[in-house]
Amino acid sequence: MDIEEFWKLMDTTREASGGDISKQVNLIVEILIDRSIDEIFADEKIMDDLLDKAYDAELWDAADIIGCGTGDDGFWDFRAWLIAQGREVYENALADPESLVDLVDIDDDAQEEEMLYIVIYAYEKKTGRDFLTREKKRSYHQQTLKGKPVPKEALKDRFPKLSAKFGDCKERWRKWMTEDFPDKS
């Protein structure tokens, strides 16, 4: 698998899933299990490279606004969600994170952990073996954050459009909490 095939896989599965990332993950896994183990690991390498490329302070600040706070794990999940959106959205967001303002719904935190595990799911389903015992070990390296995050109070200046749309975190948190815990409202 090369980068062009990877992006085509993201686009076709996103369209076929109607934008439901859980369905998209399942579709990707079903496609990957029909490929060789080497191709599955090539998908892992491409995903890792794209996650690294998006390890950017400006993008993290945008994710922080959209998600009403985003820690390390949340930023992994945000970048995975971003990759699932396809090449155009991904590249536009890296060039200008405010490009996400019209793409992300106000009730969404734009995070998708499951996308991080597609290779694990495909490998285990194809081989029947635990991913941690695989014959090819991951050659992943420590990421270095590109750029510098700004203080929370400066986020509105950095991203005025995102801040205007997603800035009322108190109200959004209250809504999320009543949806998750309806008897606590």
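Key figures for this structure:
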item	result
Region 62-117, relative contact order in percent, only Cα pairs under 8 angstrom and at least six apart counted	50 percent
Theoretical gain in end-to-end length, residue 73 to residue 157 [0.36 nm per residue, Cα-Cα removed]	27.7 nm
Whole-percent pair-distance distribution, where bins are 10 Å wide, for the alpha carbons of region 18-84	19, 41, 31, 9, 0
Rounded FRET efficiency, nearest 0.05, which uses the C-beta distance separating residue 148 from residue 125 and R0 of 35 Å	0.25
Kirkwood Rh, Cα atoms: Rg over Rh of the chain	1.00
Dipole moment magnitude, nearest 20 debye, the chain about Cα centre, only Lys, Arg, Asp, Glu C-beta charged	380 debye
Built amide H within the under 5 Å cut-off of residue 56, gap 5+	146
Calculated FRET value between residue 38 and residue 11, using beta carbons and R₀ = 35 Å, to 0.05	0.95
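Taken together, the values in this text are just the output of simple stated rules run on the coordinates, not laboratory data. These figures come from a predicted structure and were not determined experimentally. All Cβ positions, glycine included, derive from the backbone under ideal geometry; neighbour counts span all protein chains shown.
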